[in-house]
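Only the coordinates and a few stated rules stand behind these numbers; no lab work does. Bear in mind the structure is a predicted one, so any value in this text is a computation, not a measurement. Cβ: placed from backbone, ideal geometry, glycine included. Neighbour counts: every protein chain shown.
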Amino acid sequence: MSGTLHLVGVGPGDPELLTLKAVRILGAALVLAYPATGEDSALALDIARTHLNPAATRLPIAIPMTLERGPAQAAYDAGAETILSHLRADRDVAYLCEGDPLFYSSAMYLLTRVAGQAPVCVVPGVTSLTAAAAAIARPLAARNEILKILPAPLPDETLRAELAAAPAAAIIKIGRHFDRIRALLGETGHAESAIIVEHATTAKQRITRLADFAHDERPYFSTILCYSGAETWGNREQGE
């Protein structure tokens, strides 16, 4: 077996944010695999479309979006076996990953199934976190401050405790949890500076102060950046 599985981060949405390495691999790969779900069914494919080898075989891996883990795990089992069949035939496979392959990504499930049976190369990508910070031109954290990354589906008590000890936080996977998260940020003192970035770097990007957010929709692809520390954002540090 000499085919290699490339787990390729394609970034948050802007096709120009792919790395040179990602573009080179995608332009040469004989098989292009990607996750396909119900919502934004093939976002990674859409992001990378202009960089793909037009002759490559396309391999969508249908991932059920359910709370039960069983159906999704079965889908990764089947996807890994299909990918391995191409690798055994000496065909490189590029698996497209939104953002970065190892940052809250489905690529980890393929990595654990394929590693040990075939070569695997991980190509880092720009995360939604750094894309959101760039969109609002504000640091994620400064100097010795701790930055916490918190998935919104966590229980209230967990989020409340984590936020209480975090001067800077990024909250991801918001969607239907938005109203609950906004209330928690108000409790912990993070709400005043909080900004929500939706669909960062894409044509649908929207930036709104949390205090002004009145949209009816609750997009899954959004990030809240919030801060309660002592640094004054935008002022150049002196005496470093």
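In terms of the mean number of neighbouring beta-carbon atoms within 10 Å, the peptides 30-36, 197-203, 79-85 order highest first as 30-36, 197-203, 79-85. The listed peptides 98-105, 114-121, ordered by packing as a protection proxy, come out as 98-105, 114-121 (highest mean of other Cβ atoms within 10 Å first).
Here the range 1-118 is treated with +1 on each Lys and Arg Cβ and -1 on each Asp and Glu Cβ, and its dipole about the Cα centre works out to around 380 debye. For the range 148-189, the square roots of the Cα gyration tensor eigenvalues, ordered a ≥ b ≥ c, give a/c of at least 1.5 with a/b greater than b/c, which places it in the prolate category. Rounded, prolate or oblate for the range 71-121? Axes are the square roots of the Cα gyration tensor eigenvalues, ordered a ≥ b ≥ c, and the cut-off for rounded is a/c under 1.5. Verdict is oblate for the range 71-121.
In units of the rule-of-thumb radius 2.2 N^0.38 Å, the range 5-126 shows an alpha carbon radius of gyration of 0.96. Among beta bridges from DSSP that stay inside the chain, the antiparallel ones total about 35%. Classification of the range 129-227 by its C-alpha gyration tensor yields an oblate form. The axis ratio a/c (a ≥ b ≥ c) is 1.5 or more, and b/c is at least a/b. Once the Cα atoms are used to define both axes, helix 69-88 deviates from the longest principal axis of the chain by about 40 degrees. Normalised by the number of residues in the range 5-126, the mean separation of alpha-carbon contacts (under 8 Å, six or more apart) gives a relative contact order of 42 percent.
Using C-alpha pairs under 8 Å with a sequence gap of at least 6, the mean separation divided by the residue count of the chain gives a relative contact order of 21 percent. Taken over the chain, the percentage of Cα pairs per 10 Å bin, counting from 0 up to the bin with the maximum distance, is 7, 29, 30, 22, 10, 2.
Ordering of 107-113, 129-135, 206-212 by packing is 129-135, 107-113, 206-212, highest average first (other Cβ atoms within 10 Å, averaged per residue). Taking Cβ atoms as reference points and 13 Å as the exclusive limit, the residues near L7 contribute a net charge of -1, counting Lys and Arg as +1 and Asp and Glu as -1.
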